[in-house]
Every structure is written in C-alpha cells, then in structure tokens.
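Here the structure comes first, spelled out in structure tokens, and everything after it is commentary.
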Amino acid sequence: MIRSRVSRVTKKTGVILITLFGLLTMTFVIGRLMPIDPVLAVIGPDADSSTYQQVFDEMGLGKPIWVQYYYYLQDMLSGDFGRAILTGSPVIDDILRVLPATIELASIAIMVGVGLGVPLGVYAATHRGRLGDHLTRLITLFGYSTPVFWVGMVGLIIFYAWLNWAGAAGRIGFAYDGMFTSYTGFYLVDTLLSGNIEAFVSALRHIALPALILGLNSVSFIGRMTRSFMLEQLSQEYIKTARVKGLSERSVIWKHAFKNIRVQLLTIVALAYGGLLEGAVLIETVFAWPGFGQYLTDSLLMGDMNAVMASVLFIGLVFVFLNLLSDALYKMFDPRTQ
Amino acid sequence: MDVLTVEKLNVTFRTDEGLKHAVRDVSFTLRNEKLAIVGESGSGKSTVGKAILRLNPPSTRVTAEKLQFGKTNLLACNEKEIRAIRGQHISMIMQDPKFSLNPVMTVGEQISEALSVHRNISRREAKEAALEMLKEVSIADPEHVYSQYPHEISGGMGQRVMIAMMVIPEPDIIIADEPTSALDVSVQQDVLNILTRLIEKKNISLIFISHDLNLVKKFCDRVLVMYGGRVVESIKANELSNASHPYTRGLMESLPSLKHRRETLPVMTRDQNWLTQEYTT
Amino acid sequence: MKNAEVVRNSDYSLKARHNPEYTRVALFVKSFKKLCRNPLSASGVIIVALLLICAIAAPLIATHNPLEQDLARVLASPSLAHWFGTDEYGRDVFSRLVYGSRVTLYIIFLVTIIVGPVGLLVGTMSGYFGGWVDSVFMRITDIFISFPSLVLALAFVAALGPGLEHAVIAIAITSWPPVARLARAETLTLRNSDYVVAAQLQGASACRVLFHYISLMCLPSLIVRLTMNMATVILTAAALGFLGLGAQPPLPEWGAMISTGRSYMLESWWLVAFPGAAIMLVSLAFNLLGDGLRDLLDPRTE
C-alpha cells in the first residue's frame, strides 16, 4: 500500500520533471528559431561592428548550440530569465509587475464563468432534450465559436462608444491613476482599501466589460462540462433511491447529484482558469489592459527574445501547476480517494 | 383489506424505433401479504414496480383504469402529492447497493435523510432513529457504520443499509426489486431474513420482484408470473407446482433440483398466444 | 478488414456479406439523414455547405474585385452597392469576405491533413505498442499540452516569422497532441478486443493490425474530434491574423481584416462586425457539426 503510493509519487514527480525539462527545451528552440538577430535587438542597428562582436561573444552566440543550451538551462534553473530589451529590467520583475492586472481580470472572469456556467449546465442537464437544453447547447457553442477579441471590440463599440456604460481601455480612468495606495496590485481591492469609492467605481467600469467577455468562454466550457457531469450522475441508481425517499427534485439535484460532481467541477475550474490566460492575451490587447497578455504580445512584436521565452515558460509553468493543483484537489475532496 | 389496487396498467416507452409497449393490461390487488412478481428480464416486472411509484423516465406513458393506494389515486397525484407517498407510504429497495447508495454521503446521513424528509424532527432525533434502525438490521457497530461511506462497506452490509433506509419511515408497502440478485449467495439469506423480520414486525406489505422462482416459492405468499409485459398467471406460492399456465409450468420444469436429478433440463417452448390470451385467476 | 466491417455494422452483417459497398453507402445515407433531423446539426451542415460554395464560386458571388481599391469610396457604410460597406482603401468588404472563405478553407484543410494522420499514427502506435514507445510519445504530448495552444502557436509564428504558411504550421504543431491522446485512448480499448486478438492469432503483422484494424475503428471518434478542432483552428488562425502574425495584407483573411479595421472601428463598425460574424458563424457551424456527429456515433452523450 505504502510502497505503491511512494512509487506513484515518484512516477508523478518524474513526469513533472520531464515536462518542465521539455518546456525549457521548447522555449530554447523557439528562441533560437527567431528570425530577429538578438544582438541587434540589444545594441540597436547603429552600433559599430566591434561592439557587435563584443556583445555577440558575451551572449555566447559563437559557441556550439548544445553549449548555449547548457548555459540556457543553467540560467533558467538559477532563476535568471535575462533582461527584457523593451523595458531594460529583468524579465522576472516585468512579469511580476504585470501579473496582478491579469490575475485580477482572470479572477473576475472565472467568477463569471462559474456563476453562469454551473447553473446553466445544471439547468440543461435537468431539462435534457427539451427546449432549454437545446438553447443552452446553442449558447455554449456560440461561446466556443466567437473570437474573443472580436466580442471585445463589438463590446467596446456598443458599451463604450454608443452607450457609454463601460470605461474605455485601461484599468482605470486617467484621473484616478495614482490616486490610491497600491497594497495588492488589484485595483478593485486597492481602491476600496484606500477608501476611494469614485476610483473603485471607475476601476469597476473598466474591468467589467473585459472580464465579462473573457468569462464568456469559460461559461461555455464550465457549462458544458457541468451538463455532462450532471447527466452522468442523474442516470445513476442512487438518484432513483433519493427519489424513492420522497425528496424534492431540488434536493435530488443539488444535495445528491451536484454533491457528486463538486470535485470534478473543481478540477475543471482550475483548468478553465488556465484557459483564461490564453484568452487574456487577446482581450488585453483589445482593451489595452496592462497585464501579462499584453506584455507577451508586445514582446513578440518587438522580437524581445528573453521576454518571450520567459513569458511562454511562465505560462507553461502555470499550466503544469494548475494541473497538479486540480489533481491534488481531487484527492483531497473526494471521499473515494481518501 | 386491499392496500393497493392495480387495474389494467399499461406502460409504453417512446424510443428511436417507435413505441414500445412494455406493460400490457396488468391487474392485481395487494393485501397485507408478500406478493412476488416473477418473470424473465424484459418481461416488464421492474417497470410495474416503477410505475406504481411513478418513477419512470419522462418519455414513458403510464395509463391504468385504476392505480389506487388506499384512498389515493396514484395516477392523479401531482408531483408534490406523489412525493408525499414515496418513502412515507410506498418505498422501494433497489438491486445493487454498490450503485443505489450515494457515494459521497455517509451511510448515516442517507438513512436519517429518508426519515427527516417526511417528519418534522431535529437532526439529533433523526440520527438517533437511524442508529436504532441500523441496530435493527443487525449491524453490530451502528455508530461506526453511521459515519462510513458506501464504498467502505460490503455488499451485504450495503443492502442492509438500503433496507434500513426504506423501512425507517415505516411505509405501508415496500417494493423490493431483485434485492438479493447482486449479493453473494452466502449473504442473500441473511438479507432476506432481515427483510422478512422487519416487514412482519412493522406490518408492511411487500411486492417482491424477482426472476428466481425457487426463492419466491419459499418466501412469498402469492406469485404473479409475467411474460412479455402481461400477467400470465396469478397463483398462491404453495400451489406453484400445480400451475396451470404452460409458461409457469415451463419455468418450474426448467428449475434444476438436487432431489430430482435429470439428464438434461428441458428447454421451454414458447407460444405466440401467450402474448394475447387473457389469464384466468 | 471484413471482420471490422461486420463488427461495426452488426445490424447489417447479413447484407454486408453480400454487398459491403452497398451497405456502406446505405449506412452513410442513413446517418446523414439522422444528422440532418436535428435542426442544430442541420444548420451546421448548411453553413459549411455555404462556405464551400462561397469558396468555390467566389468570383461569381463577389460583387467586386476584393483587391481593387477605390479611394473615392473610402469607409463607405453598408449600402446597396456595397452590402457590407467598404474599407479604408475603398475595397468592398462583402467581396473580401467571400474571397476570405478560400483562405479559411485553405487553413482548415492544411491543418487537418497534417494533424489527422500525425495524431492517428502517434496515438495508435503509442496505445498499441505501450512500453517505452508509449512513454516517450505521451511525455512529448504532455509537454505540448502544458502550453495553452494559442500561446504556443504565437511563439512558433514569432519564431518562424509572420505569414499564412507559418501560421498553418504553428497551428498544426499545437493541435496534434489532443488528437494523438484520443487515438491512444481508443486504441487502448481496442487493443484487447476479440477481433484484434483474432487477427493477431491469424498472424497479422503489427503494421497490418494497426492500419487495417485499429486505425479504421478509431476513425469515427477521430473525425468528430477533427471537426470540432476545425472550429478551434479557425479561431486560432483569426487570432494570429488579428495580432498581425498570420496572413498578411492584402490577403483578405478575416482575422487580419478585423485587425486593420480596428483602427476605424468606432466610426466604421462594419469593418469589424462583418468579418467577426463570419468567423463566428463558420466556427459555430463546425462545432454544431462536430456535436451532431458525436451524438450520432456515441448515443450515450446525447
């Protein structure tokens, strides 16, 4: 029993290590494939050839590719992700600086996703084959099929340009920038902590639209998963038992069936959160949201190799972490695996 | 006294291939007795059980000239009224405790829930009643079992829990749908004994759905034999050996027996007319 | 081969022995009719058919030359002459959309013919041989899956340089692992089935078993997956186009059209609205189609 658990943990750790190693390798390959001369990117096009040679040697670009790979691994494992050319500061600092904006956005979005997706999925499952189910199916498929950046723009046109309900691009109105103390990096929290209600409202108006649109994608994902999990449970015998007892349909659904899918849902939500990072890349570009996604696309367009590689690696790490987390949650909360 | 009267019960399913007539003109009355419904798989015996509790899926059409429980017409009940009947007056023991108990709720919670749905009682009272009930189904350590999850207990234990759950609101009728088929032979008799003891003690009528004629012969008072959705014969259990219908006789014939050894078991020949003929009681 | 057919169409096994071709056609027609009975799947079929017609008959359908600039009619709003308005160079948005369907189909087609065979091969081999082959292949797919596909595609296109072909390659690289996973899972359930064992006992080589028995049986679920994948491919391609990394102007790719239209979107909403709606509609169609196909092949999830 214990031995099998130990070997399982060892195996799991091995898989994670291999995956991490793969992530590093992949980012290295991508970095080397880049058509932009990394030296020129550092020194600018006007530098003379001796400077060029000096930087070229410093960066180790003359060495064989596997030596470069070795240095690269060494740097990465010691936590040195290099400097971003765009900002001049260490990439890791940049990432940590822009991260709160993305986390704030993604967190609100996941709340939207869970808040709408779960009830929608449960509703569809309990009304299976009826109009409501078909409508839900259509809605969630729409959610899957709409380009999130396009919805962002249409949202801006309608709610900002035409109706003027939403704030424009950015995290907060210009007037409030710097008008409150930064405790957490989350504007909604910071403005409240600073007691600046007007700034809070402004931040809310700015985050509402992008978060809602970002969340729509996970509404579809969470909704469809909830539906299929619920359908699976509702066809089980114990549901019939619950009905035989004379329980109301609401108790049957929420107390019996739903209780059985909570753990599965938790893992799905963790995965959906990872998916939001992907959507954030596009949504942040549309809404000029100064977060991780925008940082990544900016660096990409500027050919900033260090920043791109580190960002991609970072996202990979977040994904691996979320996967681990969802596994762990499963083990923690399901009585059958205890 | 008639507890339950069923007259010309018909059940049809809507499927992709069209309508399927699963139960045709089934009639019987249940007194304070142990009534068995026997038949092969697909004969419609379980469907009858479900129809009484109106548990069939929404795509099913159930009609009857009469489906009367005491003074209540079960077919005319709305959703709320039928819920008041379920559990409290008529309940049902399922086949396999592995699937019929909720895997993420403790055994005890599930038993006390069966009581507290229908009674206005506190949690503690419900728990005490559940512990008492666990003792009644011969579980040695009720406190311990109360807080266990279904996957932690054995099949025989699970079925005892199931019985406890269905008996605790003290219903008038229990429908037992193959309650021992999923169990080891060694524990089947235990479970049946517990069931018999409890229903006799609490004065509960039983509808025992089974495919096992041998079992039914010993255990029940009266037997309905179903074939192709119809009742082909209704007979007292102790008169089964004198059954008149060829299908019942065929079933009896094909039972292997230790006392009367035979070279080969006869294979039943079936008659299309069985599907249309009226049976005579 | 014959074995597989009989197992799959057990209802038809009698007829199949006489005339397999007839049966396959009949089964196809029957399935297609069943698919079209569901209004959602049927609308998916119709939209995909429309897309095909648009792409094939683009010159007949388009009202203008998609590349022809008319600086006198810049940013004109939708009218009878220009149904969906004109863009910043006075080009007709409707005609560009119609021609854009060719670009979309081109991307879908290329990605699918790369991803399908690669995923099938890797997945079935992984599932069939097990052991170290399985470990190696699955670790590789793990690595790919641990990146969100859009981010990985972005990184690859950035590395390869912007362009339509590079976008196709990047999308293909990022979308084969889930297909391989699926094929592997299917293979695992098939590997020990009686008909495969029977073939092995008859002395069929691993290669023959893989291609003639297992791959064929994986196809239905694979087709569902690829159909759904097409919807994702369209969105990813559009996203790459939107970020300026996919198809380059003046090619009328829908995502790129949104990208250029973005600068004028507050005044000229049609530049953004129509291409986006086209992307959504086509992606939705493939999703509906995939959904319908899945229900058809796997009644459990209906």
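Only residues in segment C:157-174 that are within 11 Å of chain A (Cβ to nearest Cβ) and over 15 Å from C:Phe242 (Cα atoms) count as the first member; pair them with residues that are modelled with pLDDT of 85 or more and open to solvent by 40 Å² or more (accessible area, probe 1.4 Å), Cβ under 8 angstrom, at least 6 apart or cross-chain, and list the lot.
C:Leu160/C:His166; C:Leu160/C:Ile169
Please give the number of the condition C:Leu219 fails out of (1) part of a helix (DSSP H, G or I); (2) open to solvent by 30 Å² or more (accessible area, probe 1.4 Å); (3) out of contact with any Leu (no Cβ under 9 Å at 6 or more places or on another chain); (4) more than 14 Å from chain A (Cβ to nearest Cβ).
Unmet for C:Leu219, out of (1) part of a helix (DSSP H, G or I); (2) open to solvent by 30 Å² or more (accessible area, probe 1.4 Å); (3) out of contact with any Leu (no Cβ under 9 Å at 6 or more places or on another chain); (4) more than 14 Å from chain A (Cβ to nearest Cβ): (3).
The rows are residues; the columns are (1) hydrophobic (A, V, I, L, M, F, W, C); (2) without any contact (Cβ under 8 Å) to a residue 40 or more places away in the chain.
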{"site": "A:Ala242", "(1), (2)": "yes, yes"}
{"site": "A:Ile253", "(1), (2)": "yes, no"}
{"site": "A:Glu278", "(1), (2)": "no, yes"}
{"site": "A:Leu301", "(1), (2)": "yes, yes"}
{"site": "A:Leu313", "(1), (2)": "yes, no"}
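What are the residues in segment A:294-338 that are β-branched (Val, Ile, Thr) and at pLDDT 80 or above, if any?
The first filter runs over segment A:294-338 and keeps only residues β-branched (Val, Ile, Thr), leaving A:297, A:308, A:312, A:315, A:318, A:320, A:337.
A:Thr297, A:Val308, A:Val312, A:Ile315, A:Val318, A:Val320, listed by residue number.
For every residue, the table says whether it meets (1) touching a residue at least 12 places away in the same chain (Cβ under 8 Å); (2) surrounded by fewer than 20 Cβ atoms within 10 Å (Cβ to Cβ).
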position: B:Ala114; (1), (2): yes, no
position: B:Glu128; (1), (2): no, yes
position: B:Asp172; (1), (2): yes, yes
position: B:Val187; (1), (2): yes, yes
position: B:Asn193; (1), (2): no, yes
position: B:Leu206; (1), (2): yes, no
position: B:Ile209; (1), (2): yes, no
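What single numbered condition from (1) aliphatic (A, V, I, L, M); (2) assigned to a helix (DSSP H, G or I); (3) surrounded by fewer than 17 Cβ atoms within 10 Å (Cβ to Cβ) fails to hold for A:Ala199?
Only one criterion in (1) aliphatic (A, V, I, L, M); (2) assigned to a helix (DSSP H, G or I); (3) surrounded by fewer than 17 Cβ atoms within 10 Å (Cβ to Cβ) is unmet by A:Ala199, namely (3).
Tell me, which helices (runs of 4 or more DSSP H) wholly within segment A:229-316 include 2 or more residues that are more than 14 Å from chain B (Cβ to nearest Cβ) and touching a helix residue (DSSP H, G or I) at 6+ places or on another chain (Cβ under 9 Å)?
Values: elements: A:237-244, A:259-286, A:292-302.
Of the helices (runs of 4 or more DSSP H) lying wholly inside segment A:229-316, those with at least 2 residues that are more than 14 Å from chain B (Cβ to nearest Cβ) and touching a helix residue (DSSP H, G or I) at 6+ places or on another chain (Cβ under 9 Å) span A:259-286, A:292-302.
Anything in segment B:80-104 that is over 18 Å from the mean Cα position of the chain (by Cα) and under 18 Å from B:Ser154 (Cβ atoms)? List them, or say none.
Listed by number, the residues that qualify are B:Asn102, B:Pro103.
Pairs under 8 Å by beta carbon, first residue within 10 Å of chain A (Cβ to nearest Cβ) in segment B:49-69, partner of a type in the set (A, V, I, L, M, F, W, C) and part of a loop (DSSP other than H, G, I, E, B), six or more apart or different chains?
B:Arg54/B:Cys77
Do we have any residue at all in segment B:83-95 that's more than 24 Å from B:Glu178 (Cα to Cα), free of Cβ contacts under 8 Å to residues at least 60 places away in the same chain and of a type in the set (Gly, Ala, Ser)?
To start, the set of residues in segment B:83-95 that are more than 24 Å from B:Glu178 (Cα to Cα) comprises B:84.
In the following step, the residues that additionally are free of Cβ contacts under 8 Å to residues at least 60 places away in the same chain were identified as B:84.
In the following step, the residues that additionally are of a type in the set (Gly, Ala, Ser) were identified as B:84.
Yes; the residues of segment B:83-95 include at least one that is more than 24 Å from B:Glu178 (Cα to Cα), free of Cβ contacts under 8 Å to residues at least 60 places away in the same chain and of a type in the set (Gly, Ala, Ser).
Return only the number of the condition from (1) within 14 Å of another protein chain (Cβ to nearest Cβ); (2) closer than 21 Å to C:Asn287 by Cα; (3) touching a residue at least 12 places away in the same chain (Cβ under 8 Å); (4) of a type outside the set (Asp, Glu) that C:Met138 does not satisfy.
(2)
Just to be sure before I move on: is C:Ile145 under 30 Å from C:Val48 (Cα atoms), within 14 Å of another protein chain (Cβ to nearest Cβ) and open to solvent by 50 Å² or more (accessible area, probe 1.4 Å) in the structure I sent?
Spelling it out, C:Ile145 is indeed under 30 Å from C:Val48 (Cα atoms), within 14 Å of another protein chain (Cβ to nearest Cβ) and open to solvent by 50 Å² or more (accessible area, probe 1.4 Å).
Out of segment C:250-270, which residues are at the interface with chain A (Cβ under 10 Å from one of its Cβ atoms), in a helix (DSSP H, G or I) and touching a residue at least 24 places away in the same chain (Cβ under 8 Å)?
Scanning segment C:250-270 gives C:Trp254, C:Gly255, C:Gly261.
Of the residues in segment C:165-194, how many are farther than 17 Å from C:Leu110 by Cα and open to solvent by 10 Å² or more (accessible area, probe 1.4 Å)? It would help to see each step written out before you state the result.
As a first pass, look at segment C:165-194 and keep what is farther than 17 Å from C:Leu110 by Cα: C:178, C:180-194.
Filter again for open to solvent by 10 Å² or more (accessible area, probe 1.4 Å), leaving C:178, C:181-182, C:184-186, C:188-194.
Looking only at that region, the number is 13.
Criterion first (farther than 30 Å from A:Leu163 by Cα, out of contact with any Ser or Thr (no Cβ under 6 Å at 6 or more places or on another chain) and crowded, with 24+ Cβ neighbours inside 10 Å) does A:Met225 satisfy it?
no
Quick check on A:Ile157: is it assigned by the TED database to the domain that holds A:Glu232, within 29 Å of C:Ala238 (Cα to Cα), free of Cβ contacts under 8 Å to residues at least 60 places away in the same chain and β-branched (Val, Ile, Thr)?
yes
Could you check how many residues of segment B:72-97 are aliphatic (A, V, I, L, M) and open to solvent by 60 Å² or more (accessible area, probe 1.4 Å)? Break it down stepwise before answering.
So the first thing to find is which residues in segment B:72-97 are aliphatic (A, V, I, L, M), and the list is B:74-76, B:82, B:84-85, B:90, B:92-94.
Going one step further and asking which of them are open to solvent by 60 Å² or more (accessible area, probe 1.4 Å), we end up with B:76.
Count: 1.
With the requirement that a residue be within 14 Å of A:Phe81 (Cβ to Cβ) and among the aromatic types (Phe, Trp, Tyr), what does segment A:293-338 give you?
If the condition is that a residue be within 14 Å of A:Phe81 (Cβ to Cβ) and among the aromatic types (Phe, Trp, Tyr), then A:Tyr295, A:Phe314 are the ones that fit.
Kindly indicate whether B:Asn203 is more than 22 Å from B:Leu4 (Cβ to Cβ) and out of contact with any Lys or Arg (no Cβ under 9 Å at 6 or more places or on another chain).
Numbers: more than 22 Å from B:Leu4 (Cβ to Cβ): no; out of contact with any Lys or Arg (no Cβ under 9 Å at 6 or more places or on another chain): yes.
No; evaluated as a whole, the condition is false for this residue.
For segment A:137-166, which residues satisfy the criterion of being of a type outside the set (A, V, I, L, M, F, W, C) and open to solvent by less than 10 Å² (accessible area, probe 1.4 Å)?
Our first condition is that a residue be of a type outside the set (A, V, I, L, M, F, W, C); within segment A:137-166, this holds for A:137, A:140, A:143-147, A:152, A:155, A:160, A:164.
A:Thr140, A:Ser145, A:Pro147, A:Gly152, A:Gly155, listed by residue number.
Return yes when A:Tyr71 is more than 24 Å from A:Tyr295 (Cβ to Cβ) and in contact with a Gly (Cβ under 7 Å, 6 or more places away or on another chain) and no when it is not. Before you say what the answer is, go through the steps one by one.
Details: more than 24 Å from A:Tyr295 (Cβ to Cβ): yes; in contact with a Gly (Cβ under 7 Å, 6 or more places away or on another chain): yes.
In short, yes.
Among the residues that make up segment A:120-127, is at least one of them facing another protein chain (nearest Cβ under 9 Å), open to solvent by 40 Å² or more (accessible area, probe 1.4 Å) and in a helix (DSSP H, G or I)?
Pass one, segment A:120-127, residues facing another protein chain (nearest Cβ under 9 Å): none.
There is no residue in segment A:120-127 that is facing another protein chain (nearest Cβ under 9 Å), open to solvent by 40 Å² or more (accessible area, probe 1.4 Å) and in a helix (DSSP H, G or I).
Among the residues of segment B:14-23, is any within 30 Å of B:Leu240 (Cα to Cα) and aliphatic (A, V, I, L, M)? Steps first, answer last, please.
Residues of segment B:14-23 within 30 Å of B:Leu240 (Cα to Cα): B:21-23.
Then keep just the ones that are aliphatic (A, V, I, L, M); that gives B:22-23.
Within segment B:14-23, one or more residues are within 30 Å of B:Leu240 (Cα to Cα) and aliphatic (A, V, I, L, M).
The values are calculated or read from the model by the stated rules, or taken from the named source; none is laboratory data. Computed from a predicted model, the values in this text were never measured in an experiment. No Cβ is skipped: glycine too gets one built from the backbone with ideal geometry, and neighbour counts run over all protein chains shown. Note: accessible area is taken over every heavy atom of the protein model, side chains too, but ligands, DNA and RNA are not part of it. Shrake-Rupley method; radii C 1.70, N 1.55, O 1.52, S 1.80 Å.
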